[in-house]
Amino acid sequence: MRKQCFELDGRAVTLYTDDSPQILFLQPVDEHDTKLLDAEIEAMRDCALPFALAAFEVKDWNRELSPWEAPPVYGKIPFGGMAEETLSFVLDRLLPELRTRLATVMKLCLGGYSLAGLFALWAATRTDAFSGVAATSPSVWFPGWMDYAKANPIQTKAVYLSLGDREERAKNPVMATVGGCIREQYALLQADHSVTLEWNPGSHFQDSEKRTARAFCWIAATVS
């Protein structure tokens, strides 16, 4: 597995590459996620397909990954609703650069953890570019999300969902709706998608790199 780092439009990108990859995983990451990438890649060593993974930096998590503006749900930082711009970066700038560097045609998967998982689900309603989406502990509690999900079908067949089994016990009343929302999201997808919902032991802030690795490996096995 080769690792290279580069910058594109002011964003740091970390690219891991197997020989002759058959699937490309795209993952938005913050500083914490970036520190765990090597461990995530190690956890993917038994992936069903040779793969490449491109992790791209998100500097303002709440602003850049939220599909629309919303007031703070926790803390004081509102959601900026700039996901459309982030998706444009992925499709119009990152993918062409990666295709030049990798020089091969691959299946595509967009995935991530927490709000990045919600971003992946939302992005799959906006484009059919992806073979799969991996939404690990996604923020499906996001205000207005479930109404949007019911009206805007996901355009990829393979969808991975997961949640920690203690996440719906959150003290925050909005975030505590996550269990009901993930079950509803799963039910929406069952008829027309290859979908799974995995329950992981623990809270939201546990084993994010291992959970994300399992999500990507499930997608690889499903679309292979």
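Values in this text are rule-based calculations from the coordinates and carry no lab data. In this text the structure is predicted, and so the values were computed from the model without any measurement. Glycine gets a Cβ as well: all are built from the backbone with ideal geometry, and neighbour counts include every protein chain shown.
Observations on the structure shown:
- The phi torsions of the range 127-134, fed into the Karplus equation with coefficients 6.51, -1.76 and 1.60 and a -60° offset, translate into couplings of 8, 9, 6, 9, 7, x, 10, 10 Hz, rounded to whole numbers, with Gly and Pro shown as x.
- Segment residue 19..residue 128, full-extension length gain: 36.6 nm, with 0.36 nm per residue of separation and the alpha-carbon distance subtracted.
- Separation of the alpha carbons by more than 30 angstrom is noted, of 3/59; 3/210; 35/107; 3/150; 59/171, for 3/150.
- Taking Lys and Arg as +1 and Asp and Glu as -1, the other residues whose beta-carbon sits under 13 Å from that of residue 103 total 0.
- Note on the chain: GNM, Cα springs under 10 Å; of 204, 193, 32, the largest mean-square fluctuation is that of 32.
- Total formal charge among the other residues, if their Cβ is under 14 angstrom from that of residue 67, Lys/Arg +1 and Asp/Glu -1: -3
- Size-normalised alpha-carbon gyration radius of the range 2-223, reference 2.2 N^0.38 Å: 0.94
- Computed helical MRE - 222 nm, the chain, DSSP H runs ≥ 4 contributing -39500 (n - 2.57), nearest 500: -9500 deg cm²/dmol
- Hypothetical label at residue 172: residues of the range 46-73 whose amide nitrogen lies under 12 Å (7 Å Cα-Cβ projection): 62, 71-73
- Efficiency of FRET between residue 85 and residue 35 - r from beta-carbon atoms, R0 25 angstrom, step 0.05: 0.45
- Dividing the radius of gyration of the alpha carbons in the range 1-88 by their Kirkwood radius gives 1.05 for Rg/Rh.
- Spacing of the two label points (7 Å from each Cα toward its C-beta) at residue 45 and residue 59, in nm: 3.7
- Our coupling estimate for the range 33-47, obtained by passing each phi through the Karplus curve with A = 6.51, B = -1.76, C = 1.60 and θ = phi - 60°, is 4, 4, 5, 9, 4, 4, 5, 4, 5, 4, 6, 9, 4, 9, 4 Hz, Gly and Pro reported as x.
- For the range 110-120, Karplus couplings with θ = phi - 60° (6.51, -1.76, 1.60), whole Hz, Gly/Pro x: 10, x, x, 10, 6, 5, 5, x, 5, 4, 5
- Summing charges over all other residues whose Cβ lies under 14 Å from the Cβ of residue 43, with Lys and Arg as +1 and Asp and Glu as -1, gives -3.
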